[in-house]
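Inspection log for the structure reproduced underneath, given as structure tokens.
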Amino acid sequence: MEGYDLIGDVHGCGATLASLLEKLGYHQRNGVYRHPRRKVIFLGDLIDRGPRIRLAVTIARRMVEQGEAYIVMGNHEYNALAYTHPGPAGSHKRWLREHTPRHNRIIQDTLEQYRDYTNEWEDTLAWFKTIPLCLEIDGIRVVHACWDGALIEELKQRHPDYCMDTQFLIESTDPSTQAFRILDRLTRGPHVSLPQGIAIHSGDGFTRQSFRAHFWAQAPQQWGDVVFQPDNLPGDLETRALTHEERQKLSYYGPEQPPLFIGHYWCEGIPALPTHNIACLDYSAVKYGRLVAYRWSGETVLNADHFVWIKVPKEERALPKPWEIDFD
């Protein structure tokens, strides 16, 4: 083993994923992408939004099941599990994740692409449930959105394999529970609420009443010190002072800790490192950005030269023969 190739949020860009794997030196044998000396780690969010969701899931799942890859849970896989799971007996909720217009819109592309493959969709959901929320492997850490050491220790005490069970899934939709706090922080990351009456009209078409915050500022003083998303904060909110309560709710990952790989934050432009020990690999592939990998080969100080990416075309064209996957 030379190391790991960590791949950011695919979001249904299955053809681009195949192209990136080829660029990284992986080749199909018996329907599975393999490399003689390396393995992949997927950072979650295989599904939703993109044109080839089934292909993306099939490529990743086959690699994981054949020992050629690992994967961590993304918030979109979690959302699918909660969206399709009935509410608990005696609850007022029909589903763990309510079928609101916003939630329906997020998962719409996935449901449409699996519409004629009901058994495959049910089997895919069962596989999602086996995906761990985080990984510690060979000196690196991997989580979809945020590594919060205290919460991960709580998860480890409850589930040493870092995986959910049905009870954890049900609890995780109740904001008062430990399961919610763990799931929300690890797959969605820290958020800071916007003032009443102020919203961000995001580039992905959604309106948000909070902004995504990062977790590597040692002593942040104002909102601009922690904001981590492409959308600008309205007005002069970047200079707004963080309150004590807001700072208390943030996580912190220090420079002395092992290399950490995250996705989730839909960065833009040329991939860059926010710190020497953290790499974000979500570069908005589904918004015609880049599908990004980091080639890790044992280094403790990360290097931006180790990013590899493919720009996603406006249309994911039909795959050439070498990339075709047999679904049967």
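The values are calculated or read from the model by the stated rules, or taken from the named source; none is laboratory data. Just so it is clear, the model here is predicted, and its values are computed rather than measured. Every residue, glycine among them, receives a Cβ derived from its backbone with ideal geometry; neighbour counts consider all protein chains shown. Accessible surface areas use protein heavy atoms only, side chains included; no ligands, DNA or RNA. Shrake-Rupley method; radii C 1.70, N 1.55, O 1.52, S 1.80 Å.
Structure notes:
- Among the residues of the range 48-70, just one is of a type in the set (A, V, I, L, M), open to solvent by 10 Å² or more (accessible area, probe 1.4 Å) and closer than 14 Å to Val10 by Cα, namely Leu55.
- Qualifying positions in the range 11-47 - open to solvent by less than 10 Å² (accessible area, probe 1.4 Å), within 20 Å of Ile131 (Cβ to Cβ) and in a loop (DSSP other than H, G, I, E, B): Gly12, Cys13, Leu43, Gly44, Asp45, Leu46, Ile47
- Residues in the range 55-94 that are out of contact with any strand residue (DSSP E or B) (no Cβ under 8 Å at 6 or more places or on another chain) and more than 30 Å from Arg34 (Cβ to Cβ): Asn79, Pro88, Ala89, Gly90, Ser91, His92, Lys93.
- Of the residues making up the range 223-242, those that are over 21 Å from Cys267 (Cβ atoms) and either open to solvent by 60 Å² or more (accessible area, probe 1.4 Å) or charged (D, E, K, R) (or both) number 5.
- Within the range 204-222, the set of residues being closer than 21 Å to Gly289 by Cβ, surrounded by fewer than 18 Cβ atoms within 10 Å (Cβ to Cβ) and without any contact (Cβ under 8 Å) to a residue 60 or more places away in the chain comprises Gly205, Arg208.
- Residue that is most open to solvent (accessible area, probe 1.4 Å), among those in the range 291-328 that are at pLDDT below 95 and farther than 19 Å from Gln28 by Cβ: Lys314
- Top-ranked residue in the range 81-94 [being at pLDDT 95 or above and of a type in the set (A, V, I, L, M, F, W, C); ranked as surrounded by the fewest Cβ atoms within 10 Å (Cβ to Cβ)]: Ala82
- Single residue of Leu183, Leu151, Leu155, Leu169 found to be buried (at least 20 other Cβ atoms within 10 Å of the Cβ), over 30 Å from Asp231 (Cα atoms) and either among the acidic types (Asp, Glu) or modelled with pLDDT of 95 or more (or both): Leu155
- Any hit, the range 129-136, residues being open to solvent by 40 Å² or more (accessible area, probe 1.4 Å) and either touching a residue at least 40 places away in the same chain (Cβ under 8 Å) or not in a loop (DSSP other than H, G, I, E, B) (or both): yes
- On inspection, Asp123 passes the criterion of being in a helix (DSSP H, G or I) and open to solvent by 70 Å² or more (accessible area, probe 1.4 Å).
- Residue in the range 187-195 that is within 19 Å of the chain's Cα centre (by Cα), closer than 18 Å to Ala82 by Cβ and open to solvent by less than 20 Å² (accessible area, probe 1.4 Å) present: yes
- Gly254 meets each of the listed conditions (1) assigned to a loop (DSSP other than H, G, I, E, B); (2) open to solvent by 10 Å² or more (accessible area, probe 1.4 Å) apart from (2).
- Test: residue in the range 284-295 that is of a type in the set (A, V, I, L, M, F, W, C) and in contact with an Asp or Glu (Cβ under 6 Å, 6 or more places away or on another chain): yes
- Checking every residue in the range 22-44 against the condition of being aliphatic (A, V, I, L, M) and touching a His at 6+ places or on another chain (Cβ under 8 Å) gives at least one match.
- Some residue of the range 68-77 being more than 25 Å from Ile106 (Cα to Cα), acidic (Asp, Glu) and not in a loop (DSSP other than H, G, I, E, B): no
Conditions (1) among the basic types (Lys, Arg); (2) modelled with pLDDT of 95 or more; (3) touching a Leu at 6+ places or on another chain (Cβ under 7 Å), marked per residue:
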residue	(1), (2), (3)
Asp5	no, yes, yes
His11	no, yes, no
Leu20	no, yes, yes
Gly31	no, no, no
Arg38	yes, yes, no
Phe42	no, yes, no
Gly50	no, no, no
Thr58	no, yes, no
Val64	no, yes, no
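- Residue match in the range 178-201 (condition: over 23 Å from Arg247 (Cβ atoms), assigned to a loop (DSSP other than H, G, I, E, B) and in contact with a helix residue (DSSP H, G or I) (Cβ under 6 Å, 6 or more places away or on another chain)): no
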